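Notes to accompany the following structure.
The values are calculated or read from the model by the stated rules, or taken from the named source; none is laboratory data. All figures in this text were calculated on a predicted structure; none of them were measured in a lab. Quick reminder, even Gly has a Cβ in these numbers, built from the backbone with ideal geometry, and neighbours come from all protein chains shown.
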Amino acid sequence: MKNTVHVSEVEKQLLEDISKEVPNAVLERFTTLVRESGSEDERKAADFLVDYLKEWGIPHKVHQPELYLSLPRKATLKITHPVEREIRVKNPSFSISTGDKGGKGELVFISTGYAKGINDIFGTKIDDNIGDLEGKIVMTEGFPMPGKVGEFAEMGVKAAIFISPGENIHEGICTTIWGAPDLDNMGDEPKIPVMAINKSDGQELIQLCGEGKVEIEFQTRLEKGWYPCPVIDIFIEGTEEPEKYVLLHGHLDSWHVGIGDNATGDAALLEMARIFHQHRDKLKRSLRIAIWPGHSYGRYAGSTWFADAFGLDLDENCIAQVNCDSPGCRWATSYEHMMWMSEADEFCQKAIQDAVGQPSAGSRPLRAGDYSFNNIGITSFFMLSSTMPEELLKEKGYYAVGGCGGNIDWHTEDDLIAVADLDILEKDIKVYTTAVLRAINATVHPFNFVKTAEEFIQTIQSYQDAAGNHFDFSAALNEAKSLREDLANFYREIDSLTEDEITNPWVKEANRKIERLARVLVPVNFSRKGKFRHDPALNVAPLPDIAAAGNFQKLEKGTHQYNVLQTHLTRGQNRIAAAFREARELLQLNKQEL
């Protein structure tokens, strides 16, 4: 028997029931808390949210894992020559702690430029020929991201100082290790002290460096270890296929008060828990909502723990994962800078258009934002939420940041209640609610992997163009084209199932194949480490196993490096082509069976 409540009617009911009351209460309470991971304020914040869940009777658990964290404390920086002056400074998480011992040395400025947009924030732009930096203290522009920190450390620098793009110093984290370390990467923590200063102090130091020798002294202080932290795990059971679920999540911890990053997200998650639980009789599949710590102080330690602890269940039952970070921030009225995987492109654009009547655009998700599930192979959409329009950012002279809807209060002491906008938060909750509900209730999973195959074809062709006649990617390209054709046939075959019952065996089989497609295709596009292993917190190029194709232009044919690159690409192409073949084998679904 078909579900008698039409999807559009269900959506209308859920959207009409969204209220600002609970989100406002969360924001008001969180303005009084500094939610550092492992702290009493973080536990108070978790308890505040859990009290609502208990009052509403929403099924939930509060896990208490021990997470590996680095907690910055006071740092000092002093110019000792040619002048004497104290400089305001911060140290990011996982910087080496000098303690009282401190350090000193000659400061040199190396320009690597500021990020032009969010996609540049995690990149590195260190020239190959910048000279001998052994034993020097290096200063450069930008946020203290792990790529630059690692490259400078390999050059033998004594310490690194990063100049924030504005007058505020933005907090951050500089380790490449995603979540807790394991035996393979426990030695990859930063090896040098890392600091951040503001732009005006940085410009003064740049000028001094241009005039002659500059000497400085510094101290960095951090606490590091394993800390018990609360992970809220909510499960709202569906009525027809309850074992299958969408994972909706966001982080609890914050730098300072952190209203725009991510108290607004926590407020949205709690309101959506209320709405979906209230209408649980209309959910065909289940909704799992996770609110976790360790995002800022442990490089996504909470979501990584969750991916590890529930990895097998996620592999078997998770339809999609959806991140909710920095929704509802002032002036953030645009959906033109969203993130989602290619297979979710049409789905997300339509959900946003239907929910709030606005156009949207999505780009490839960065290696960020609690996307701790790429290695498992889970279709993913959304990361940061609405953002300020480009023209407004230019008008205000704002630079690129990684949250708060584009507000430059991100990761600073100024991320206070003024950053939040309840009207915009309500809009963003409508976007999330619409997309999540549709993913839960769609008879056939609404993800089109033809778009993914087309992305693969474009990516491989771009790598072929970069490699020229030095390497032949035709094996991977031909497999990608065959995959696109098989996928197009598959979706035509299952089109007749979209109005059927979820419990129909052929619907279940079609959905199983779509889920398995994600398990095969997402990892080769977003990961190199393999299933249940976490790649470092560095940018991952599309089809990363063959992304080095452009390196031939820097190498002489027949050299050792040239031959190594060919070997690397041969192995990478084999992995990719094999994955495409595996995906095609999944699609062997006879038309008569449908």
Is it the case that the range 528-538 has a residue that's outside any loop (DSSP other than H, G, I, E, B), closer than 25 Å to Trp178 by Cβ, under 31 Å from the mean Cα position of the chain (by Cα) and assigned by TED's automatic domain parsing to the domain that holds Ala480?
no
Can you find a residue in the range 193-209 that is of a type outside the set (Val, Ile, Thr) and under 23 Å from the mean Cα position of the chain (by Cα)?
yes
Which residue, of Arg519, Arg533, is within 30 Å of Thr175 (Cα to Cα), touching a Gly at 6+ places or on another chain (Cβ under 6 Å) and of a type in the set (Lys, Arg)?
Arg519
For the range 275-289, name all the residues that are closer than 27 Å to Glu36 by Cβ and surrounded by fewer than 24 Cβ atoms within 10 Å (Cβ to Cβ).
Arg288
Tell me whether the range 485-496 contains one or more residues that are buried (at least 19 other Cβ atoms within 10 Å of the Cβ), farther than 21 Å from Ile546 by Cβ and of a type in the set (Val, Ile, Thr).
yes
Which of the numbered conditions does Glu86 fail, given that it passes all the others? Conditions: (1) of a type in the set (D, E, K, R); (2) loosely packed, with under 15 Cβ neighbours inside 10 Å; (3) in a loop (DSSP other than H, G, I, E, B).
(3)
Provide a single number: the residues in the range 383-426 that are of a type outside the set (Gly, Ala, Ser), buried (at least 24 other Cβ atoms within 10 Å of the Cβ) and closer than 19 Å to Ile352 by Cα.
4
Those residues of the range 173-196 which are among the β-branched types (Val, Ile, Thr) and assigned to a loop (DSSP other than H, G, I, E, B), in sequence order
Thr175, Thr176, Ile177, Ile192
Quick test of your reading of the structure: Tyr398 fulfils all but one of (1) without any contact (Cβ under 8 Å) to a residue 24 or more places away in the chain; (2) assigned to a helix (DSSP H, G or I). Name the failing condition by number.
(2)
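Filter the strands (runs of 3 or more DSSP E) completely within the range 1-83 down to those with at least 3 residues that are closer than 24 Å to Lys284 by Cα and β-branched (Val, Ile, Thr).
none
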Which listed residue is outside the structural domain of Thr176 (by TED's automatic domain parsing) and under 22 Å from Ala263 (Cβ atoms), from Lys20, Lys12, Lys90, Lys61:
Lys20
Condition check for Asn469: over 19 Å from Asn525 (Cβ atoms), surrounded by fewer than 19 Cβ atoms within 10 Å (Cβ to Cβ) and among the polar types (S, T, N, Q):
yes
Please verify whether Lys529 is exposed (fewer than 15 other Cβ atoms within 10 Å of the Cβ), modelled with pLDDT under 95 and in contact with an Asp or Glu (Cβ under 9 Å, 6 or more places away or on another chain), treating the condition exactly as stated.
no
Give the residue, chosen from Glu271, Glu189, Glu215, Glu211, that is outside the structural domain of Pro165 (by TED's automatic domain parsing) and acidic (Asp, Glu).
Glu271
When you scan the range 421-434, do you find a residue that is farther than 22 Å from His249 by Cα and either over 21 Å from the mean Cα position of the chain (by Cα) or in contact (Cβ under 8 Å) with a residue 24 or more places away in the chain (or both), even just one?
no
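For the range 245-357, list the helices (runs of 4 or more DSSP H) that sit wholly inside it and hold at least 1 residues that are under 21 Å from the mean Cα position of the chain (by Cα), of a type in the set (D, E, K, R) and at pLDDT below 95; which are they?
Of the helices (runs of 4 or more DSSP H) lying wholly inside the range 245-357, none has at least 1 residues that are under 21 Å from the mean Cα position of the chain (by Cα), of a type in the set (D, E, K, R) and at pLDDT below 95.
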Screening Gly123, Gly131, Gly57 for residues that are surrounded by fewer than 13 Cβ atoms within 10 Å (Cβ to Cβ), of a type outside the set (A, V, I, L, M, F, W, C) and at pLDDT below 95 leaves only Gly131
